[in-house]
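Okay, structure first, notes after.
The values are calculated or read from the model by the stated rules, or taken from the named source; none is laboratory data. Bear in mind the structure is a predicted one, so any value in this text is a computation, not a measurement. Don't worry about glycine lacking a Cβ; one is built from the backbone with ideal geometry, like all the others, and counts go over all protein chains shown. For the accessible areas, the whole protein counts, side chains as well, though only heavy atoms, and no ligand, DNA or RNA atoms are used. Shrake-Rupley method; radii C 1.70, N 1.55, O 1.52, S 1.80 Å.
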Amino acid sequence: MCTGTRPLSLQSLPPVSPTTPPRSQTTLKPTLPAHNSTAGTPLYIACATNGSRSRSRSPDDYQSTLQALNSKGRVPRKSLGQHYMLNSDINEQLASAARVEEGHVVLEIGPGTGSLTNVLLNAGAFVLAIEKDPYMASLVSERFASTERFKVLKEDFVKCHIHSHVKLLLGSKKSLDHPKSRYAKVVSNIPFNISTEVVKLLLPMGDIFSEVVLLLQEEMAVRLVQSSLRTSEYRPINIFVNFYSDPEYKFKVPRTNFFPQPNVDAAVVVFKLKQAADYPQVSSTKSFFSMVNSAFNGKRKMLRKSLQHICTPIEIEEALGSVGLPATSRPEELTMDDFVKLHNLIVKV
């Protein structure tokens, strides 16, 4: 039980070890105090040392996470959307949702203290991590220094050339005769504040990624996967997601599993990426999404008005009629296939 006695000595989290218990073994879930404070002073945890038998616990629970942050003199940074996962079972489920196996190449965005990284490495994967915070990049680099299956790049994911990094890595793995390294996978607990950017960057990369498994804000997860026609939640991002992938909502993750605790719950979504040959047939993806965005910019406006910069209202009405839609159609009433047909009729590339 935690008391006001002297703080635990600072230390880094333990490195990945071949003696890590198998996934089937139940992980002890920590009893979490109210961990929603991010005050500017260093965070320390103090525990009683009354000689009682210590209970085994996860190397990535609340106490260990604080110790890791203390070792670098860090507190979670709100500007970077840092919320650290405290439940190893959730990390196991993330890896399981991506079907990570030995020999797979996995991209992880924002490894933090390395809790998910540890699970991925123990599954036998080679992990390429992208970490913007140089202190956290240093922490995970030190934690996994003993393995050759881990590499961390100190870069901002939304600005780095991830395609070239992963393609180069996949090429090197092929040369080592790894049959499972034709495509990489993405498995990440990403900062909520860059979720949309991450999705837009990753989903068109079906040439190097087979699956993208992300822990997202639950509201966004539901919106990306389940938004229906004729609702206010139906937006261009829904067209984008279904154009490049087959999304699936997997499970909800309560906010109490994070430190600091966010104001919302999270959820895991699996995006199975399509190959270019399986994309809807449009003359130009650039002009297609430009048309879709223009259509939704005039929310609640009829398409014959919001798209009149492309062609005349009469031509738009005729095109809508030819695909079986009324002349008064609005963007939230069209499926992705409807938009594809409309684009191929009115957009001249």
Taking the Kirkwood radius as the inverse of the mean 1/r across Cα pairs, report the Rg/Rh of region 96-227. 0.94
Sort THR256, THR65 from largest to smallest accessible area, using a 1.4 Å probe on the heavy atoms of the protein chains. THR256, THR65
Summing Lys, Arg as +1 and Asp, Glu as -1, what charge do residues with Cβ under 12 Å from the Cβ of ARG230 carry, ARG230 excluded? -1
Determine how many Å³ per residue the convex hull of the Cα atoms of region 96-170 encloses. 85 Å³
Multiply the residue separation of VAL264 and GLN226 by 0.36 nm, subtract the distance between their alpha-carbon atoms, and state the gained length in nm to one decimal. 11.8 nm
Quick one: length gained pulling GLU197 to ALA145 fully straight, 0.36 nm per residue minus the C-alpha distance? 15.7 nm
Region 262-301 residues near the modelled ASP337 label - backbone nitrogen below 13 Å, point 7 Å along Cα→Cβ: 280-281
Proximal lysines relative to LYS252, as straight alpha-carbon distance under 24 Å, when same-chain residues fewer than 8 apart are discounted: LYS29, LYS78, LYS185, LYS200, LYS272
Once you list every other residue whose beta carbon is under 13 Å from the beta carbon of ALA68, what net charge do they have if Lys and Arg are +1 and Asp and Glu are -1? -1
What is the gain in length, in nm to one decimal, between THR285 and LYS252 on full extension, counting 0.36 nm per residue of separation less the C-alpha to C-alpha distance? 8.6 nm
